[in-house]
1. First measure r as the distance between the Cβ atoms of Asp99 and Gln20, then evaluate 1/(1 + (r/R0)^6) with R0 = 25 Å and state the FRET efficiency to the nearest 0.05.
2. Could you check what % of the DSSP bridge pairs in region 18-163 are antiparallel, to the nearest 5?
3. Quick one: how many lysine pairs in region 18-163 have C-alpha atoms under 24 angstrom apart, if they're 8 or more apart or on different chains?
4. Along the Cα→Cβ direction, 7 angstrom out, place labels at Glu29 and Arg49. What is the inter-label distance in nm?
5. Per residue, how much accessible area does region 18-163 have with a 1.4 Å probe, in Å²?
6. For the residue pair Ser118 and Leu154, what label-to-label distance in nm results when each label sits 7 Å from Cα along the Cα-to-beta-carbon direction?
7. Give me the net charge of Glu36's neighbourhood, meaning all other residues with Cβ under 14 Å from the Cβ of Glu36; Lys, Arg count +1, Asp, Glu -1.
8. Please report the net charge: other residues with Cβ closer than 11 Å to the Cβ of Ile19, K and R +1, D and E -1.
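The values are calculated or read from the model by the stated rules, or taken from the named source; none is laboratory data. These numbers come from a predicted model, not from an experiment. Every residue, glycine as well, gets a Cβ built from its backbone with ideal geometry; the counts of neighbours run over all protein chains shown. Note: accessible area is taken over every heavy atom of the protein model, side chains too, but ligands, DNA and RNA are not part of it. Shrake-Rupley method; radii C 1.70, N 1.55, O 1.52, S 1.80 Å.
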Amino acid sequence: MPDSEQSSDKKNVKADAIIQLIVFRLGDEEYGLRIEQVKEVTITPEVARMPKTPPFIKGIANLRGDIIAIVDLEERFGLRPAGQELPATSYTLAIEAKDYTIGIVVREVPQPLSIPVSIIEKAPDFIQDININDKYIEGIAKVNGRIIIVLDMLKLLTPSEIMQLQSS
C-alpha cells in the first residue's frame with residue numbers, strides 16, 4: 001500500500017508547474033529570482049561611482065554597450081557582515097524591467113534551480129521591508145533542507161529610486 005501512495009504523490013508533483021530560479025547568496029542566506037527576470041549573468045564590470053545615489057547603488061557600469069546601475073542587495077537589505085566588502089571578483093545579474101535595467105552584484109556564481117511552484121510559500125507580511133510599498137519577497141521555498149527567499153526584482157526598487165536611475 002505505501003508504494004502506491006508514493007507513486008500517486010509523484011504524479012501530483014509532476015502535474016505541478018515547474019519554475020526555474022537563479023539562486024545566489026546574500027550574507028548567509030540564499031535568494032532566488034525567477035529566471036525570466038534575469039537577462040544575463042556576468043563577471044562584474046568596472047563600476048563608476050555616481051553622486052547623490054543611495055549607498056546600496058554602487059554606481060554604473062557598461063554591460064555590452066548598455067549603461068546600467070549596479071545594486072548591492074547585501075547593503076540594501078543590511079546583510080553584509082561588519083567590515084566585509086565584496087571580493088575582487090564578483091558576479092552581476094542583469095535584471096531587465098520595462099523602464100530600466102539594473103545589475104545585482106553577488107559574491108558567488110549564481111546557480112540555476114528548478115522547483116515546483118507549489119513549494120513557494122507566501123512570505124509573512126512582517127518580514128517585508130516596511131519602507132517599501134510593494135512586496136518584493138514573492139515567497140519562501142524549502143528545498144532539501146535549504147531555505148530560499150524568492151524575490152520579485154521588478155518590485156524591489158521604489159518609484160523614486162527608479163526615477164533616480166533613469167535620470168543618471
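1. On the way: r = 25 Å, r/R0 = 0.98.
Using R0 = 25 Å, I get an efficiency of 0.55.
2. Numbers: 38 of 45 bridges.
So the antiparallel bridges in region 18-163 amount to around 85 percent.
3. Qualifying lysine pairs in region 18-163: 16.
4. 2.8 nm
5. 54 Å²
6. Label at Ser118, label at Leu154, 2.5 nm between them.
7. Working: positive: Arg34, Lys39, Lys98; negative: Glu40, Glu96, Glu138, Asp152.
That works out to -1.
8. Values: positive: Arg34; negative: Asp16, Glu36, Glu138.
In short, -2.
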